[in-house]
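Here is the structure we will look at.
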Amino acid sequence: MKTVYSRPKSLKMAQFHYCPGCGHSIVHRLICEVIDEMNLQEKVIGIPPAGCSVFAYHYLDIDMAESAHGRGAAVATGIKRAFPEAIVFTYQGDGDMAAIGTAETIHAANRGENITTIFVNNAVYGMTGGQMAPTTLPGQKTTTTPYGRDSILEGHPLKISEMLALVKGTTYIERVAVNSPANIRKTKKAIKKAFQTQIDKLGFSVVEILSPCPVNWKMSPLEAWRWIDKEMSQEFPLGLIKDTTGRKDAD
Amino acid sequence: MTKVLMNGSSAIAEAAIRAGCQCYFGYPITPQNELTEYMATNLSRRKGCSFVQAESEISAINMVYGASLVGVRAMTSSSGPGISLKQEGISFLAACELPAVIVNMSRGGPGMGSIAAAQSDYFQATRGGGHGDYRTIVMAPSSVQELADLTHRAFHLADKYKTPVMILGDGILGQMMEPVKFKHEAPAEPPIRHDALRGAKGRRSKFIKSLTSNDTELEELNWSLFRRYELIKKKETTYETFLADDAELVVVAFGIAARIAKGAIKTVRSEGLKVGLLRPVTLWPFPAEAVQELAKKVKHYLVFEMNMGQMIEDVQLSLEGKGEVSFYGRPGGVIPTPSEVARVISRLYYQKGLSK
Amino acid sequence: MLIKTIFAGFGGQGVLSMGLNLAQAAMLEDKNVTYLPSYGAEVRGGTANCTVAISNEEIASPVASSPEFVVAMNQPSMIKFQNRLQSGGVLFINSSLVEAEASRGDITVVNVPASSVAEDMGSPKSANMVLLGAFIKKSNLASLSSVIQGLKGTMGKKQKQMAVNEKALQAGYDLF
């Protein structure tokens, strides 16, 4: 009998605490598959953020250390500078990347720190109960934009990946989504490329993942998947944003 | 090694390198830029070492957290306003039981304050400083030589007790040059903590964290920190006394103020006044037992600080009502002179009827 | 014995290195010494000053509220610091640049034409060393050989500059 699907070695035997339809569990699994395939389990250090995925260490069977909200890139800088042999990734949400930790992220990127950021964008603050994120779409209702996000009062969705593309220290940035089997495969490919960028010592790499949060979006999982296609990816277009790695498939 | 003339900030940096510090992360702020600059010149090119001028104090302390996670000796430094920003990271270091050395060359406050020397960060330093129930070991040197010696000790204690250690200096100590002799050579192989997070090779994966949804677990962490703090109190409290044996009045002062007080005490001693000095070298743990011991003989205390009265609370708490405490302070970056303090001491001495 | 000296002048006149060289010399003579520069925004251009305290005993404060000596390399410094001098103190003035007379009667004034001497030597920048030479001769705070030895320590390999400085120190020393 041929095995077509099994749990990755670096994914612990534990039941995810995430809500039904949440994208985190898919992203966790993809990271583990990549770690296994690239044989990184013994030298990878992951930095989970404040947010729903703060408990990522319950699932990923690798060395991990929590970061204060938004400081992932600074913590990862310290790790990589002190221990360059490690493969270091941060796992960050939209609050981490686009609000409280923007400075840390942009400056780590600008220094060309040889680290990887997995940026999970779900357009809402999940763990605190569905408040506005910097990436919340115009008109989107959250608990702190109960009448819908009004750009005049609350600003516009912040496009961190595009901002980071302008920074010289970044070499690989791609926006993907986990809302269909095809997109999930692309996401895995992007994560792999990002880790490879770090292994090749080419600089800062980011994979932005549009990820469903059905509970806070007040949708069914299926509606959430569709909303990413119809609404979210209009504001945050999927695809390669920057690749100056010089690899064959670079731009 | 022979004596060299060096400013306090550079002496800390040199002592840190000699203590095996491999990572320095900082953000410029007066009056301690010489420390950052010394590290840029002398640490950044050393094998296996790293220097980053961070984008903020917050980033700098979080880089220290990162380096400490992987078991490397790391340090950051700043002054008042920057130390306020670092409190988030210090709380995380304490919670995750990670060693680090943080230097505060304190300046006048509150707010932007001034760049002159002050001691107004005593509460912030000795009460934890950030959120949560924790303490940091706080050392208060009073000379450039002591800055160097205590920096070496700070790294040792940080590793020994897995805790952030703060060196609380001030603008004068940072800027002032004095002869200093370094007693240690930099180790050929800097120490790496064996329990560090360096990849799940040959062992199970592990994680370092402070968040928990389990009240029992968090209570146990707090208890375990508390037990360690009790041990630190017992083993690591240090202080210096000067002419305290026959004293009728004891001046309690730390850091640069203690030095000034010592000069004042020499003056009033020459006039026959029986005055001594107690200088806490560790501000936390505070030498409460030394105060209690003094209280068996001495009834009168003058707390002298370059602030409006912060350490005085620790003196009063330590005395448990067994002595009478007066206070003299100069806030806002004013450096009192030894003769000014001598006048205060003499006046108090006569007011309290000690001259009879 | 505790002697405090304030060196003051324009930024760029080498006021801080005067103090530093004196402090180095005192250290070489195994005395207790502190050197405190003025720091912060005011030293980026404008005026600069530093304080050197030398003693046989521990030094309580590196700050000089009433120094024994003031060395003023320019007029604003003379005006600013002469009133800080202790009664009976000595004010050293770079008389080439200072036109005003000291207004106190309870101090001794030593006029040193430091800038002119340095210019005559063809190295106008070493006026500070001329004055330092005169200062140690009159104050006896450190020996000329200690200052030169200390200077060698701080100058390192800059041989040419070292020779100029040594000459200037000697010239100032020989003025008195």
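Quick rundown of the values:
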item	result
Top positive-direction residue, dipole computed over the range B:239-351 with Cβ charges, set B:Gly309, B:Gln351, B:Val252	B:Gln351
FRET efficiency estimate (nearest 0.05) - Cβ-Cβ, B:Thr238 to A:Gln234, R0 60 angstrom	0.40
Residues listed by number, the range A:85-106, amide nitrogen under 17 Å from A:Cys19 label point at 7 Å toward C-beta	A:93-95
Between the range B:291-318 and the range C:110-148, the alpha-carbon center distance in angstrom	49
For the range B:255-274 versus the range A:60-75, the gap between their alpha-carbon centres in whole angstrom	51
Cleavage-rule hits, GluC sites (Glu not before Pro), the range A:1-86, DSSP coil, Cβ neighbours within 10 Å at most 14	A:Glu85
Nearest-10 value in Å² for the accessible area of A:Lys188, using the 1.4 Å probe	40
Sequence ranges B:115-125, B:327-337, B:189-199, ranked by mean other-Cβ count within 10 angstrom, highest first	B:115-125, B:327-337, B:189-199
The range B:239-351: radius of gyration over Cα atoms, expressed as a fraction of 2.2 N^0.38 Å	0.94
Stretch gain in nm, segment B:Ser339-B:Met308, where the contour uses 0.36 nm per residue and the Cα spacing is subtracted	9.2 nm
Test item: Cα-centred dipole of the range B:4-236, Lys/Arg +1 and Asp/Glu -1 on Cβ, debye	840
Listed peptides B:230-238, C:143-151, B:129-137 by packing density, highest first (mean Cβ within 10 Å)	B:129-137, C:143-151, B:230-238
Cα Rg, Dmax (largest Cα-Cα span) when computed across the range A:24-243, Å	16.1, 49
Distance (nanometres) between label positions extended 7 Å along Cα→Cβ at B:Lys3 and A:Ile199	5.9
Against the rule of thumb 2.2 N^0.38 Å, how large the Cα Rg of the range B:61-117 comes out	1.21
Shielding of B:193-206 by partner chains, average beta-carbon count, 10 Å	5
Residue order for C:Glu57, B:Glu97 - accessible surface, 1.4 angstrom probe, largest first	C:Glu57, B:Glu97
The range B:239-351, dipole about Cα centre (Lys/Arg Cβ +1, Asp/Glu Cβ -1), debye to the nearest 20	360
Ordering of B:281-294, C:77-90 by packing [mean C-beta count within 10 Å, highest first]	B:281-294, C:77-90
Kirkwood Rh in Å, taken over the range A:96-185 so that all alpha-carbon pairs contribute	14.5
Listed pairs A:Lys189/A:Lys230; C:Lys31/C:Lys157; A:Lys230/B:Lys206; B:Lys183/B:Lys274; B:Lys262/C:Lys80 exceeding 32 Å between Cα atoms	A:Lys230/B:Lys206; B:Lys183/B:Lys274
The protein assembly as shown, dipole about Cα centre (Lys/Arg Cβ +1, Asp/Glu Cβ -1), debye to the nearest 20	1400
Between the range A:189-251 and the range B:164-226, the alpha-carbon center distance in angstrom	36
Globularity ratio of chain C, using Cα Rg and 2.2 N^0.38 Å	0.94
B:Val4 accessible area, assembled protein chains, probe 1.4 Å, Å²	50
Net charge over other residues, Cβ less than 10 angstrom from the Cβ of A:Ile173 (K, R count +1; D, E count -1)	-2
Helix axis angle, B:215-236 relative to chain B longest principal axis, alpha carbon, degrees	50
Dipole of the range A:1-114, positive direction: furthest Cα of A:Tyr91, A:Leu30, A:Thr102, with charges on the beta-carbon	A:Leu30
Angstrom value of the Kirkwood radius, inverse mean 1/r, which spans all Cα pairs in the range B:178-249	18.3
Three semi-axes of the equivalent ellipsoid, the protein assembly as shown, Cα gyration tensor, whole Å, largest first	58, 31, 23
Convex hull of the range B:4-236 built on C-alpha atoms - directionally averaged projected area, nm²	12.9
Exposure rank, largest accessible area first [C:Lys4, C:Lys137, A:Lys43; 1.4 Å]	A:Lys43, C:Lys137, C:Lys4
Farthest toward positive dipole pole in the range C:2-173 [+1 Lys/Arg, -1 Asp/Glu at C-beta], among C:Ala53, C:Asn32, C:Ser145	C:Ser145
Sum of -39500 (n - 2.57) over DSSP H runs of 4+, divided by residues of the protein assembly as shown (222 nm, nearest 500)	-11000 deg cm²/dmol
Value of Rg/Rh across the range A:1-130 [Cα atoms, Kirkwood radius]	0.98
Percent RCO, i.e. relative contact order, over chain B, from Cα pairs under 8 Å lying at least 6 residues apart	18
Shielding by partners - mean other protein chain Cβ count within 10 Å, residues of B:258-267	3
For the range B:272-323: span of alpha carbons on each principal axis (Å, largest first)	29, 22, 20
Over the range C:130-173: Kirkwood hydrodynamic radius from C-alpha pairwise inverse distances, Å	10.3
DSSP-defined antiparallel bridges as percent of all bridges, chain A, nearest 5	25
Protein accessible surface hidden between A and B, which excludes ligands and nucleic acids, total in Å², probe 1.4 Å	2600
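The values are calculated or read from the model by the stated rules, or taken from the named source; none is laboratory data. Note that the coordinates shown come from a computational prediction; the quantities given were computed from them, not determined experimentally. Glycine also receives a Cβ, built like all others from the backbone with ideal geometry; neighbour counts cover every protein chain displayed. Please note that ligands, DNA and RNA were not included when accessible areas were found on the heavy atoms of the full protein model with its side chains. Shrake-Rupley method; radii C 1.70, N 1.55, O 1.52, S 1.80 Å.
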